[in-house]
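The next block holds one structure in the form of structure tokens; read it before the comments.
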Amino acid sequence: MRLEHKQAIVTGGAGGIGRATAKALAAEGAAVAVVDLNGEAAEAVAAEIRDAGFTAIAVQADVSSEADIERVVETTAAAFGGVNVVFNNAGIIRRTTAIETSVEEWDRVFGVNVRSIFLMAKHVVPVMAAAGGGSIVNTGSGWGLKGGGQAISYCASKGAVVNMTRALAIDHGPQGIRVNSVNPGDVNTGMLRDEASQLGQDADAFLAEAADRPLRRMGEPREIASAVVWLASDESSYVTGSALVVDGGGIA
Ligand code: NAI
């Protein structure tokens, strides 16, 4: 049990990577708050964790809302006696170029992917600092490091995640808070099928193309979860401000 005495928030906890990570954190001993826009799906993941004999609650929230983030932090701290791990993972993608992107879509992508992480830091850092520290892990993307086609708002937002992670690590390291990003390549989740549909492409062909990398396959959500467990745990105690790439090779 690498995460005994940890109290964790996982946003986007009902989705592919979030669900796998919530389960992995709980299996290592953390109490987990599963946070998602889809409250019913979040509750289903929390129930799955409890049925396996571990500790979890569900909190419905829109991570782009400050009131919701405040409620997530307060609810989790009240339920578990504190918060010392956060996985800021909720994210959305719009597969459009600049010309095709409306200002509203741009703002929504930044609200969910970027403002959420700022809001979480604003409200959770004081809680973590008062208890002597913690670990924040943010989900970036390979495309936040190298860019990609037909996803202008997404690439910009994930680049912001990677650099905001470094800035947070610098500001809050002295308070014992480590902040790192995990940067997946293509991972087998609903997001990839959503991308195929946004681009008007066949999902199977799109997924097959995603396997074109040195390890010759897409990633599975549990493989991102393993990296997050390590970053959340004291095994990574001297790691902060880093951008960990988990992509089967080929990004950088
Ligand atoms: P997913 O679509 O399976 O899960 C995303 C979850 O976030 C969903 O459960 C959704 O309801 C939730 N969500 C969306 N907007 C929200 C909001 N405003 N407030 C709260 N929850 C919200 O996608 P997946 O693949 O698990 O993505 C997780 C993260 O990983 C995202 O940040 C994504 O950008 C990133 N990522 C995914 C890759 C992939 O290939 N699947 C590659 C690189 C990064």
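The values are calculated or read from the model by the stated rules, or taken from the named source; none is laboratory data. Quick caveat, the model's predicted, so the values are computed rather than measured. Every residue, glycine as well, gets a Cβ built from its backbone with ideal geometry; the counts of neighbours run over all protein chains shown. Just so you know, the surface numbers come from the protein's heavy atoms only, side chains and all, with ligands and any DNA or RNA stripped out. Shrake-Rupley method; radii C 1.70, N 1.55, O 1.52, S 1.80 Å.
Taking the criterion of being closer than 16 Å to G190 by Cβ and either away from the ligand (no atom under 13 Å from the Cβ) or among the hydrophobic types (A, V, I, L, M, F, W, C) (or both), the residues of region 11-33 that qualify are A14, I17, A20, A22.
With respect to (1) within 16 Å of the ligand (Cβ to nearest atom); (2) within 19 Å of T139 (Cβ to Cβ); (3) touching a residue at least 40 places away in the same chain (Cβ under 8 Å); (4) among the acidic types (D, E), the lone exception for E70 is condition (2).
Within 17 Å of N89 (Cα to Cα) and open to solvent by 30 Å² or more (accessible area, probe 1.4 Å): does that describe N163? Outline the logic, then answer.
Working: within 17 Å of N89 (Cα to Cα): yes; open to solvent by 30 Å² or more (accessible area, probe 1.4 Å): yes.
Answer is yes for this residue.
For region 128-138, name all the residues that are open to solvent by 10 Å² or more (accessible area, probe 1.4 Å), within 21 Å of V229 (Cβ to Cβ) and outside any loop (DSSP other than H, G, I, E, B). Matches in region 128-138: G134 only.
To keep it simple, each residue is scored yes or no on (1) farther than 30 Å from V124 by Cα; (2) within 12 Å of the ligand (Cβ to nearest atom).
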{"site": "I177", "(1), (2)": "no, no"}
{"site": "V182", "(1), (2)": "no, yes"}
{"site": "T189", "(1), (2)": "no, yes"}
{"site": "D194", "(1), (2)": "yes, yes"}
{"site": "G200", "(1), (2)": "yes, no"}
{"site": "A203", "(1), (2)": "yes, no"}
{"site": "F206", "(1), (2)": "yes, yes"}
{"site": "A210", "(1), (2)": "yes, yes"}
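Answer yes or no: is there a residue in region 54-70 that is more than 25 Å from G219 (Cα to Cα) and out of contact with any helix residue (DSSP H, G or I) (no Cβ under 9 Å at 6 or more places or on another chain). Yes, some residue in region 54-70 is more than 25 Å from G219 (Cα to Cα) and out of contact with any helix residue (DSSP H, G or I) (no Cβ under 9 Å at 6 or more places or on another chain).
Is it fair to say V114 is of a type in the set (V, I, T), at pLDDT 95 or above and surrounded by 24 or more Cβ atoms within 10 Å (Cβ to Cβ)? The answer is no for V114. Once region 123-145 is narrowed to residues that are within 16 Å of the ligand (Cβ to nearest atom) and among the polar types (S, T, N, Q), the residue that is nearest to K6 (Cα to Cα) is N138.
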